[in-house]
Each structure stands twice: as C-alpha cells, then as structure tokens.
Amino acid sequence: MSENPVLPRRQSTSGSVAHGAAEMTRRMVCGGLAGMIAKTATNPLERIKMLSQTGEHGSAGRQSPLCLYRSILKNEGVRGLWAGNGANLLRVFPAK
C-alpha cells in the first residue's frame, strides 16, 4: 500500500484578491467609524471654541468657556452641544 500524502490546498489568486479587498473595506469602515466617534466625543469642545472665536454667543464682551457652556445648555439644551455634528461627520468619514 502506498500512502497518499495530503497536499495542501492551493489558494486561487481570485480568492486572495477577494480576501484582500474585504480586509481593506473592513479597515476603511472601521477607520471611518473611529473618526466619527472621536469627532462626536469632542464636538462640545469644538462648538464652544467656534462660538468664542466668532462671537455668535450673543454677548458683547468676551465670555469664558464655562460661561459659554452654561449659555448653550440654558438656551439650546444638551443637544445644542452637538449642533452641526451631522455635517461634521459627513466630512470626517471619507477622510479617515
């Protein structure tokens, strides 16, 4: 009796290309989602910075970041801290 050695299966190049494309797509989606989460987490700070730079917070004088934070909460509620976040996410996802 002769033993038939088990030969390893040879992967086709189309299978490895498909796996590489799937891996690249997965990495792109994960990177985009990570960027979106990071931007969403830091959006309240960005909003306070933007309001202090543009002076759109409604007072004639300069306000501290804490006063701006309180003003946003008083006038717009908690959702006001994330105002404009949707447009920011549309910009971030393709870039990450």
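The values are calculated or read from the model by the stated rules, or taken from the named source; none is laboratory data. Just so it is clear, the model here is predicted, and its values are computed rather than measured. Calculation scope for accessible area: heavy atoms of the full protein, side chains included, ligands and nucleic acids excluded. Shrake-Rupley method; radii C 1.70, N 1.55, O 1.52, S 1.80 Å.
When the residues of segment 53-67 are filtered to those that are part of a loop (DSSP other than H, G, I, E, B) and of a type in the set (S, T, N, Q), which remaining residue is modelled with the highest pLDDT? Outline the logic, then answer.
At the first step, the residues of segment 53-67 found to be part of a loop (DSSP other than H, G, I, E, B) are 55-64.
So of that shortlist, the ones also of a type in the set (S, T, N, Q) come out as 59, 63-64.
Working: SER59: 61, GLN63: 82, SER64: 89.
So the residue we want is SER64.
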Would segment 68-86 turn up any residue that is at pLDDT below 95, open to solvent by less than 60 Å² (accessible area, probe 1.4 Å), under 11 Å from the mean Cα position of the chain (by Cα) and of a type outside the set (Asp, Glu)?
yes
Among residues of segment 15-51 being open to solvent by 80 Å² or more (accessible area, probe 1.4 Å) and farther than 30 Å from ARG62 by Cα, the residue modelled with the lowest pLDDT is VAL17
